[in-house]
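Colleague: Here you go, one structure.
The values are calculated or read from the model by the stated rules, or taken from the named source; none is laboratory data. Keep in mind that what you see is a predicted model, and the values were worked out from it rather than measured. A quick note on method: Cβ atoms are made from the backbone with ideal geometry, for glycine too, and the neighbour counts reach across all protein chains shown. The accessibility values were calculated without ligands, DNA or RNA, using every heavy atom of the protein model including side chains. Shrake-Rupley method; radii C 1.70, N 1.55, O 1.52, S 1.80 Å.
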Amino acid sequence: MTPQQTIPDQPDQLVDRLDGVLERIDAAARRVGRDPQEITLLLATKLRTPAQIAEVIELLRQRERRIAVGENRAQEIAKHADPLLADNGVPRHFIGRLQTNKARDVVAFAQMVHSVDRPDIADALERRAQMAEKTLEVLVQVNTSGEESKGGFAPELEAVTGILERLRESPVLRPVGLMTIGANTTDLEVVRASLRSLRELRDAARAATGIDGLTELSMGMSGDLEIAVEEGATIVRVGSAIFGPRP
Ligand SMILES: *Cc1c(COP(=O)(O)O)cnc(C)c1O
């Protein structure tokens, strides 16, 4: 081997990491008989530059993947207006913890918000969507791990159906599924249990409310994406496994 092959330069590393993530998604989907093409790869873009994000989007376009970009900090939304990213046709989602006073920025940016984690966020998004004359897809965030550092509704049917019933009354918010951040532990069975419980809650909530449009399960990150795919994720949110360690 030549030195160039043993010591890849930066862009090759990016390609390798990206293809590694796609292989992980595909292998997990195959194990459970799912079509990998139906899984959206959401790029978690926090702290990444427009140039880095644009490069990954281009690579994913070449690979004909279903993609979205997800920002989790309202103060980073502006970077998506960069000429490298503006009007690129990639769906934009907001995935982070939201303050009500940032709802306007988020509504202007996003087609889907994954992090409706308390009623006043629903109220704020509704008000801002009405003012902007937009409809917004929303996911209810559920704290399936019970970890105190994490937001979200309790993983109980009543809590989840309560907020879903409120959302379905809205003329501008459209509840389309649930989101969770998996348990933060190296015990993979604990991680699996938390992710599986999101699917079970979604199924139960759909049956209880009759909201047929509850199709999405946003779960799985760099560390647990194959478990999430095996447990039914429709959107996996991946940052560091593609972009490298966070700066
Ligand atoms: C950062 C982030 C991710 C991606 O995390 P990685 O471990 O870097 O893949 C997913 N979801 C949310 C809500 C995040 O903030």
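Colleague: Looking at the stretch 15-121, which GluC sites (Glu not before Pro) are in a loop (DSSP not H, G, I, E or B) and have at most 15 other Cβ atoms within 10 Å?
Modeller: Glu64
Colleague: Could you list, bin by bin from short to long, the percent of Cα-Cα pairs of the stretch 1-129 in 10 Å steps?
Modeller: 11, 35, 30, 18, 4, 1, 0
Colleague: In whole Hz, with x marking every Gly and Pro, tabulate ³J(HN,Hα) for the stretch 152-160 from phi via Karplus 6.51 cos²θ - 1.76 cosθ + 1.60, θ = phi - 60°.
Modeller: Karplus-based 3J(HN,Hα) across the stretch 152-160 equals x, 6, 4, x, 10, 4, 5, 5, 6 Hz.
Colleague: Moving to a separate point now. Ignoring everything except DSSP H segments at least 4 long, calculate the 222 nm mean residue ellipticity for the chain; use -39,500 (n - 2.57) per segment, divide by total residues, nearest 500.
Modeller: It comes out at -13000 deg cm²/dmol, rounded to the nearest 500.
Colleague: Within 10 Å of each candidate Cβ there may be at most 11 other Cβ atoms; applying that plus a DSSP loop requirement, which trypsin sites (Lys or Arg not before Pro) in the stretch 11-46 survive?
Modeller: Nothing satisfies the criteria.
Colleague: Then there is this: Would you kindly derive the ³J(HN,Hα) couplings of the stretch 38-51 from the backbone phi angles with the Karplus curve 6.51 cos²θ - 1.76 cosθ + 1.60 (θ = phi - 60°), listing them in order in whole Hz, with x for Gly and Pro?
Modeller: 8, 9, 7, 8, 8, 7, 7, 9, 4, 6, 9, 8, x, 5
Colleague: Separate question: Please give the contour-minus-distance gain from Glu58 to Asp87: 0.36 nm per residue of separation, less the Cα-Cα distance, rounded to one decimal in nm.
Modeller: Taking Glu58 through Asp87 to full extension adds about 9.1 nm, to one decimal.
Colleague: In the stretch 134-195, which GluC sites (Glu not before Pro) fall in coil by DSSP and have 16 or fewer other Cβ atoms within 10 Å?
Modeller: Of the GluC sites (Glu not before Pro), the ones in loops of the stretch 134-195 whose Cβ has at most 16 other Cβ atoms within 10 Å are Glu147, Glu148, Glu156, Glu169.
Colleague: When we measure straight from the Cα of Lys150, which aspartates and glutamates land under 13 angstrom away, once same-chain ones fewer than 8 places off are left out?
Modeller: Lys150 reaches Asp117.
Colleague: Normalised by the number of residues in the stretch 11-243, what is the relative contact order in percent for Cα pairs under 8 Å and 6+ residues apart?
Modeller: Worked out over the stretch 11-243, it gives 20 percent.
Colleague: Picking from Ala29, Ala233, Leu167, whose Cα lies most toward the positive end of the charge dipole for the stretch 11-243 (charges on Cβ: Lys, Arg +1; Asp, Glu -1)?
Modeller: Positive-end residue among those listed: Leu167.
Colleague: If you roll a 1.4 angstrom probe over the protein chains with everything in place, what fraction of the accessible area of the stretch 11-243 belongs to carbon and sulfur, to the nearest %?
Modeller: Carbon plus sulfur share of accessible area: 47 percent.
Colleague: Moving on. Amide H to amide H, which residues 5 or more places from Arg174 or on other chains are under 5 Å from it, using H placed in the peptide plane?
Modeller: Long-range HN contacts for Arg174: Leu136, Glu137, Val138.
Colleague: Which cross-chain or sequence-distant (5 or more) residues have an amide H under 5 Å from the amide H of Met179, H modelled 1.01 Å from N in plane?
Modeller: Under 5 Å from the amide H of Met179: Val140, Gln141, Val142, Ser218.
Colleague: Averaged per residue, what accessible surface does the chain expose to a 1.4 Å probe, in Å²?
Modeller: Per residue, the chain has an accessible area of 47 Å².
Colleague: Let me ask you something else. Taking every Cα atom in the chain, find the radius of gyration and the maximum pairwise distance Dmax, and write them in Å.
Modeller: 18.0, 63
Colleague: Can you run phi through the Karplus equation (6.51, -1.76, 1.60; θ = phi - 60°) for the stretch 161-169 and list ³J(HN,Hα) in whole Hz, with x for Gly and Pro?
Modeller: Using θ = phi - 60°, the values come out as 5, x, 6, 5, 5, 5, 5, 5, 6 Hz.
Colleague: When the dipole is taken about the Cα centre of the chain, and only Lys, Arg (+1) and Asp, Glu (-1) are charged at their Cβ, what size is it in debye, to the nearest 20?
Modeller: 400 debye
Colleague: Here is a follow-up. With Rg and the Kirkwood Rh both taken from Cα atoms, where does Rg over Rh land for the stretch 69-111?
Modeller: Looking at the stretch 69-111, the ratio lands at 0.94.
Colleague: Then there is this: In the stretch 125-191, how does Rg compare with the Kirkwood Rh, expressed as the Rg/Rh ratio over alpha carbon atoms?
Modeller: 1.08
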